[in-house]
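**Q** Let me give you the structure first, and then I'll get to my questions.
The values are calculated or read from the model by the stated rules, or taken from the named source; none is laboratory data. Everything numeric in this text was worked out from a predicted model, so none of it was measured. Backbone-built Cβ (ideal geometry, glycine too); neighbour counts: all protein chains shown. Ligands, DNA and RNA are stripped out before the accessible areas are found, and what is left, the full protein with its side chains, is counted by its heavy atoms. Shrake-Rupley method; radii C 1.70, N 1.55, O 1.52, S 1.80 Å.
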Amino acid sequence: MHAELIAIGTLAEIDTERDHLAKEISALEAARKQAAAAEATASTELEQARAALGALVGIEQEANVRLSEHRHRQEQAKRALEGAFGSDAAQRQLDQSRALADQDETAILDSMMQQDGARLAVKAAVAALESARAARAAIDARAPVEIAALRTRLAAADVRRVPALAALTKDLQFRYDSVYKKKKTAVAHVVDGSCTACQMSVAAQHLSDLRRGSSTDPCRGCGRWLLT
Ligand SMILES: [Zn+2]
């Protein structure tokens, strides 16, 4: 291979490593953010489940207060009817308070049935929050250590990149940066006569020139330098 291609290949290898390390760092940072967001969501869902249960308990309590009032009025009406002054008004009061008491009893039963479901929902939300907290604690414990190790490797790659870049002429450095930015990787390999990046076949003469080191011509399909 041509010396220029060997130098480009060395630089490209370092850049691939740097990109890989940067991606791993981003993934860990994203995982931490995601775990924190999942915990916040689980916490909100638990609050909502508790509020829903609280509302149902409130409905039951209010219905109970009304129910005892209706029963009190029922007793009053019964006494009035049993006494000497039994009247239509007392009968109406008895009928009305019985009907209202029925409504409240139904409301209490409905609420109690719904509370069973709401309690299960609270229990599930507590479990979900616990598991979200554990997941967050786990990623928070390991990510900073792993990120620090990756940053150390990244810094070392940055150091190695300086002489690797300096080995190229200014013109070649400029072209390398341009291809690297556009294509993510500036080089491709030739396998079975084809470019591994774009699959275009490399002419036999071109391949032979690359191997003899008499050519640095890039792939005609994708413009990357070809390593053989
Ligand atoms: Zn190609």
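**Q** Could you calculate the contour length gain from Glu75 to Gln61, that is, 0.36 nm times the residue separation minus the distance between their Cα atoms, to one decimal place in nm?
**A** So the chain would gain 2.9 nm between Glu75 and Gln61.
**Q** Hey, another quick one. As a test of understanding, state the convex hull volume per residue of the stretch 169-228 from its alpha carbons, in Å³.
**A** Measuring per residue, one finds 71 Å³ for the Cα hull of the stretch 169-228.
**Q** At q = 0.11, 0.12, 0.20 Å⁻¹, what is the base-10 log of I(q)/I(0) for the stretch 1-126 according to the Debye formula with one equal point scatterer per Cα and no solvent? Please give it to two decimals.
**A** After summing over all Cα pairs, the log10 values are -0.67, -0.72, -1.04.
**Q** Using +1 at the Cβ of each Lys and Arg and -1 at the Cβ of each Asp and Glu in the chain, identify which of Ser208, Gly9, Gln76 lies farthest towards the dipole's positive end.
**A** Final value for the positive-end residue is Ser208.
**Q** Ok, one more. Tell me, what ³J(HN,Hα) does each residue in the stretch 55-67 have, in order and in whole Hz, if you take phi through Karplus 6.51 cos²θ - 1.76 cosθ + 1.60 with θ = phi - 60° and put x for Gly and Pro?
**A** 5, 5, 5, x, 4, 5, 5, 5, 5, 5, 4, 4, 4
**Q** Could you size up the charge dipole of the stretch 169-228 around its Cα centre, putting +1 on the beta carbon of Lys and Arg and -1 on that of Asp and Glu, and report it in debye to the nearest 20?
**A** Value, rounded to 20: 240 debye.
**Q** Could you calculate the contour length gain from Arg161 to Lys23, that is, 0.36 nm times the residue separation minus the distance between their Cα atoms, to one decimal place in nm?
**A** The Arg161-Lys23 span can extend by a further 47.9 nm.
**Q** Could you check the spin-label model distance between Asp140 and Ser68? Points 7 Å from the Cα along Cα→Cβ, value in nm.
**A** Taking the two extended label points, one gets 4.6 nm.
**Q** What distance in nm lies between label points placed 7 Å from Cα along the C-beta direction at Ser131 and Arg212?
**A** 6.6
**Q** Then there is this: Find the Cα radius of gyration of the chain, compare it with 2.2 N^0.38 Å by division, and give the number to two decimals.
**A** Dividing the Cα radius of gyration by 2.2 N^0.38 Å gives 2.24.
**Q** Oh, and also: So if I take the centroid of the Cα atoms in the stretch 159-190 and the same for the stretch 53-82, what is the distance between those two points in Å?
**A** 84
**Q** Please express the shape of the stretch 4-63 as an equivalent ellipsoid: the semi-axes are the square roots of 5 times the eigenvalues of the C-alpha gyration tensor, given largest first in whole angstrom.
**A** 57, 6, 4
**Q** Counting only protein heavy atoms and using a 1.4 Å probe, what share of the accessible area of the chain belongs to carbon plus sulfur, as a whole percent?
**A** That fraction is 56 percent.
**Q** Another one. In deg cm²/dmol, rounded to 500, what helix-only [θ] at 222 nm does the chain give when every DSSP H run of at least 4 residues adds -39500 (n - 2.57) and the total is split over its residues?
**A** Taken over the chain, the calculation gives -29500 deg cm²/dmol.
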